1. Suppose we filter Asp160, Asp150 for residues that are assigned to a loop (DSSP other than H, G, I, E, B) and either of a type in the set (Val, Ile, Thr) or more than 21 Å from Val2 (Cα to Cα) (or both); which single one remains?
2. Considering each of Gly135, Gly94, Gly162 in turn, give the residue that is without any contact (Cβ under 8 Å) to a residue 40 or more places away in the chain, more than 12 Å from the chain's Cα centre (by Cα) and open to solvent by less than 40 Å² (accessible area, probe 1.4 Å).
3. When the range 105-117 is examined, which residues are found to be crowded, with 16+ Cβ neighbours inside 10 Å, modelled with pLDDT under 95 and at negative phi?
4. Which of the following residues is at pLDDT 95 or above, in contact with a Gly (Cβ under 6 Å, 6 or more places away or on another chain) and at negative phi: Tyr33, Tyr27?
5. Collect the residues in the range 138-159 that are in contact with a Gly (Cβ under 8 Å, 6 or more places away or on another chain), surrounded by 13 or more Cβ atoms within 10 Å (Cβ to Cβ) and not acidic (Asp, Glu), keeping them in residue-number order.
6. Can you name the residue in the range 47-73 that is at pLDDT 85 or above and polar (S, T, N, Q) and, of all such residues, is nearest to the chain's Cα centre (by Cα)?
7. Restricting to the range 66-85, what's the tally of residues that are crowded, with 23+ Cβ neighbours inside 10 Å and assigned to a loop (DSSP other than H, G, I, E, B)?
8. Mind listing whichever residues of the range 6-41 are acidic (Asp, Glu) and either under 17 Å from the mean Cα position of the chain (by Cα) or surrounded by 15 or more Cβ atoms within 10 Å (Cβ to Cβ) (or both)?
Amino acid sequence: EVLEDCEGLNLTVSLVDKTHYKARCPYVMKPEYVVIHNAATPNGTAKSLCVCQNKTVNSEAELKSWHFSVDEDSVWESLPLNRNGFHASDGANGDGNRKGIAIEIARDLDGEEQYYQSAENRGALLAAVLLNKYGWDTSHLKTHHDFATDGKWCPHKILDNGWDKFVAKVQSYLDEIQGKNIEKE
């Protein structure tokens, strides 16, 4: 199951090859959350994060995988929405990894605030699209930190700037999407 391009997200689907599911997304998942991350990769673009994840898939020593990579221009999907990822630091059976759709927001370490703000806005829009798709409200929006058994402070930039501000941004996009849906009906 993949997300269809909508709301101007400029979505590219580049899924991990099924032969690598054992290392990246071994479990069928019925999602319950959207989990937000900051990529913490200098000069990372959505494409480079997705390509890097897909290229290093043969290394099973470090299980890391996520569904979406987001930057100021695009969104790249690398895992199906009905497969788990390893992104929430809560183990193979943790709720974050087993029930969360992961969004990695890039450009957080570039020092180019305008690029980061655009990436964060696109990440908030993607979160709203996913919440709308599943009929969820913002109570289904979580941070990596919410699940991290190691206490990881992620999404660092969003948490530092105020999680409530990000949630309000997602809510604004969700209201807009739902308003459009009502008009269509």
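1. Working: Asp160 fails: assigned to a loop (DSSP other than H, G, I, E, B).
Unique residue meeting the criteria: Asp150.
2. Details: Gly135 fails: open to solvent by less than 40 Å² (accessible area, probe 1.4 Å); Gly94 fails: without any contact (Cβ under 8 Å) to a residue 40 or more places away in the chain.
Exactly one residue qualifies, and that residue is Gly162.
3. Kept after step one, since they are crowded, with 16+ Cβ neighbours inside 10 Å, are these residues of the range 105-117: 105-110, 115-116.
Adding the requirement that they be modelled with pLDDT under 95 leaves 106-110, 115-116.
Result: Ala106, Asp108, Leu109, Asp110, Tyr115, Tyr116.
4. On the way: Tyr27 fails: in contact with a Gly (Cβ under 6 Å, 6 or more places away or on another chain).
Every option except Tyr33 fails the conditions.
5. Applying the first criterion (in contact with a Gly (Cβ under 8 Å, 6 or more places away or on another chain)) to the range 138-159 yields 142, 144-149.
If we keep only those that are surrounded by 13 or more Cβ atoms within 10 Å (Cβ to Cβ) as well, we get 142, 144-148.
Lys142, His144, His145, Phe147, Ala148, listed by residue number.
6. Only one residue fits best here, namely Ser69.
7. 7
8. Step one: of the range 6-41, the residues acidic (Asp, Glu) are 7, 17, 32.
The answer is Glu7, Glu32.
The values are calculated or read from the model by the stated rules, or taken from the named source; none is laboratory data. Since this is a predicted model, take the numbers as computed values, not measurements. Every residue, glycine among them, receives a Cβ derived from its backbone with ideal geometry; neighbour counts consider all protein chains shown. SASA here: full protein model, heavy atoms, side chains in, ligands and nucleic acids out. Shrake-Rupley method; radii C 1.70, N 1.55, O 1.52, S 1.80 Å.
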